[in-house]
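The values are calculated or read from the model by the stated rules, or taken from the named source; none is laboratory data. Because the structure is predicted, anything quoted here is derived from the model rather than measured. Neighbour counts run over all protein chains shown; Cβ positions are idealised from the backbone, glycine included. Surface areas here come from the heavy atoms of the whole protein model, side chains and all, with no ligands, DNA or RNA. Shrake-Rupley method; radii C 1.70, N 1.55, O 1.52, S 1.80 Å.
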Amino acid sequence: MELREYLLTKKEDIKTLEVKERLKEVEENKNFVVAVVGPRRAGKTYFLYSFIKKKNLRDEDYLFVNFEENVEINDPVELPIVHQEVYGRLPEYIFFDEVQALNNWQKAVYTLYEKKRYYMFITGSSSKLLSKEIATQLRGRSITTKIYPFSFKEILSLERIERKKYYSSYEIGKIKNLVKTHIEKGSFPDIALGHIRPSTFYRDYLDLIVYKDIIERYGVKNRYVLEFLIRSVISSHAKIFSVNKVFKTLKSMNIKVSKKTLYNFQKILEDIGFAIFLRKISESLRKIELTLPKVYLVDNGIFRFNENKLDHGKFLEAAVLQELCKNDLEPN
């Protein structure tokens, strides 16, 4: 598609989309690029749409490009000039979605950032670009905004349940049902909005994690070991997780793999936002590192649709940690 046609068409598409408001707050800042990151399918692109609608931005106010879409772009640095030709003024906001699909994206983004004229937002796929890599590539000139699956506050907002001091018995019953559904089935947008069956979603989600985010990105050769570790992480949801235990199990099965490889896989799962490994607090760094972590999946639904057993206490514990993360209280 020709660029000018694309810019106009994209604005029309955004206008007609039904977008659920995300309650995540972000402060635009011309001195930093806002990097929107998070787990796969958590709604990073729709967060940008929600921001545009919440700010009531007019067509002439912003430039939006998804670099994975079919659009002819010769020089991304010239995009604001093309926008000016179409709308008669430079954009105030620039949104670059799926920026990893742009060759030498960091050069283009940094060049536009250096002008200090625009509020800039970028998103990147976890299969190609991690938040720490964005910070490195932009020389520390980025602020990270992490988007998770829906928080319970957002679930209540979707159901149009207002927060108040007292509720009727009918409202309490509905809220309790929402809590149960939210905790057990998960809160990825596609699940919460009923776009797809949870079992289908989580099966495909795991396939994408294995193939796109890990095997393709990191060139992993030993697929069986990777999948075994992922299954071990899932079954250990909200429990102590031991790489050494996984290593011994594989060794008993006559499968050769180093502990270093398993620890690398564990770190990858954390980097791509699949799981959180939480260690005990201690004043001694050595003691912290020597303790075995508890592992929590980013969403309970990943466990619910891959394991038969169900421990409501563990699910509730995990849900509390997930809510803390969604409120920017992530563990170090």
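Close amide H contacts of Asn66 (hydrogens built in the peptide plane, cut-off under 5 Å, sequence separation of 5 or more or a different chain): Asp97.
When the solvent-accessible area of the chain is split by element, carbon and sulfur atoms take up 49 percent of it, the probe being 1.4 Å. Remark: spin-label model distance Arg231-Val26 equals 3.8 nm, labels positioned 7 Å along the Cα→Cβ axis.
Put simply, the amide H of Ile147, placed in the peptide plane, has neighbours under 5 Å in Val37, Gly38, leaving out anything fewer than 5 places away on its chain. Each Lys or Arg adds one and each Asp or Glu takes one away; over the other residues whose Cβ falls under 15 Å from the Cβ of Gly186, this sums to +2.
Per residue, what accessible area does the chain have, given a 1.4 Å probe and all protein chains present, in Å²? Let's see the in-between values first.
Values: 17870 Å² over 332 residues.
Here the residues of the chain average 54 Å² of exposed surface.
Phi angles across segment 243-251 convert, under the Karplus curve 6.51 cos²θ - 1.76 cosθ + 1.60 with θ = phi - 60°, into 3J(HN,Hα) values of 4, 4, 5, 4, 4, 5, 5, 5, 4 Hz, Gly and Pro given as x.
What 222 nm value per residue comes from the helices of the chain, counting each DSSP H run with n ≥ 4 as -39,500 (n - 2.57) and dividing by all residues, nearest 500 deg cm²/dmol? That comes out to -13500 deg cm²/dmol.
In this calculation the C-beta distance from Ile172 to Arg89 is compared with R0 = 56 Å, giving a FRET efficiency of 0.60. Going by Cα centres, segment 263-332 and segment 142-168 are how many Å apart? The two parts, judged by their Cα centres, are 21 Å apart.
Under 1.5 on a/c is rounded, so check that first for segment 190-285, then, if it is not, pick prolate when a/b is larger than b/c and oblate when it is not; a ≥ b ≥ c are the square roots of the alpha carbon gyration tensor eigenvalues. In terms of gyration-tensor shape, oblate. Proximity of backbone amide H atoms, modeled 1.01 Å from N, is registered between Ser125 and Val99, Gln100 at under 5 Å, excluding neighbours fewer than 5 places apart on the same chain. Descending by average beta-carbon neighbour count within 10 Å, the peptides 190-196, 168-174 line up as 190-196, 168-174, the highest first. Once both labels are positioned 7 Å from their Cα atoms along Cα-to-Cβ, the gap between Glu317 and Arg160 label points is 3.9 nm.
Modelled spin-label separation between Lys107 and Leu310, with each label point placed 7 Å from Cα along the Cα-to-Cβ direction: 5.4 nm.
Applying the Karplus relation 6.51 cos²θ - 1.76 cosθ + 1.60 with θ = phi - 60° to segment 173-187 yields 3J(HN,Hα) values of x, 5, 5, 4, 5, 5, 4, 4, 5, 4, 6, 8, 8, x, 9 Hz, where x marks Gly and Pro.
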